[in-house]
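Enquirer: Mind looking over this structure? Questions follow.
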Ligand SMILES: *[C@@H]1O[C@H](CO)[C@@H](O)[C@H](O)[C@H]1NC(C)=O
């Protein structure tokens, strides 16, 4: 009798510890200055065997997709934790509490998923340094793309051998319009200089470079991101290229499910990346919305170039695919596809 009672208490305590921290603490908002060195981890203590995933969430109608994506990342061997950054200030606390609870259940047995309510809807907040990040690498992603775990692990292996580069699955380019004599945003069949935040892997230190470094020029460029409500991904590409004098590395994924980005109607690169895109965008019937999107992105490149006084973006060529024997790429009808398809 006595021993039975003694057992009952710890079990119910376990439940409290399991659910209260996940439901309540994970809804914390960010209040102390993230750029204050006192609030930052010593980079020497960061672990490099796994990475942290930062997923941006905004649209309530996409919560089911977001949950599926978060659960997939949480089951990847190379992922140590998943942070869902909620940037929509009008979402009720009730919905977010429910979401935090659902996320904690779906991460059971895998990497923990926590929900963080952002204090502003600024796109810059996705790149804020956070003391909760315990890894040397982060994966920045959107709530619209689901990538298979093997490809996440593969991309992480590529990052580990190229720790200063940006690693991505979806690539675009800057270029010069010779007639207009201005910078534009485009897609090239054979080269790229920008990777998108649909899937962007990089060292955690770059969060600090983006958010805290760079003096007045960075202040102004972050302000441009807020004004345009777009282009934070392009700015990160500027920051890293300026630091490394090298372009990003594009990695091929095995399976990508892309639900499309509602925010900017970005077209999907999918597993064949820029190749398929190029044939699409050169079609005569480029939708006006897509054209408008490209124009806005071109404006960002011009503005960043104006503020910085130089063009740091560099081209890269080709993409890294997992073990050529298994995942070789074949040219079928002008399209690159996996040979076993
Ligand atoms: C949480 O899960 C429940 C049960 O599956 C579902 O009805 C609800 O819509 C979910 N809510 C959120 C905000 O994720």
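Enquirer: Please work out whether the range 96-139 counts as rounded, prolate or oblate from its C-alpha gyration tensor, where a ≥ b ≥ c are the square roots of the eigenvalues and a/c under 1.5 means rounded, while otherwise a/b larger than b/c means prolate and anything else oblate?
Expert: Taking the square roots of the gyration eigenvalues as a ≥ b ≥ c, the range 96-139 is oblate.
Enquirer: What is the fewest-to-most order of 255, 117 by other Cβ atoms lying within 10 Å of their Cβ?
Expert: Least crowded to most crowded, the residues run 255, 117.
Enquirer: Another question, then. Please state the shape class of the range 55-135: rounded when a/c is under 1.5, otherwise prolate if a/b exceeds b/c and oblate if not, all from the C-alpha gyration tensor.
Expert: Oblate.
Enquirer: Follow-up question, since we're still on this one. Fully extended, how many nm does the chain gain between residue 68 and residue 227 (0.36 nm per residue separation, minus their Cα-Cα distance)?
Expert: Result for the pair: 54.1 nm of gain on full extension.
Values quoted throughout were computed directly from the atomic coordinates according to the rules given, and no laboratory measurement underlies them. Keep in mind it's a predicted model, so treat the numbers as computed, not measured. Cβ atoms come from the backbone with ideal geometry, glycine included; neighbour counts cover every protein chain shown.
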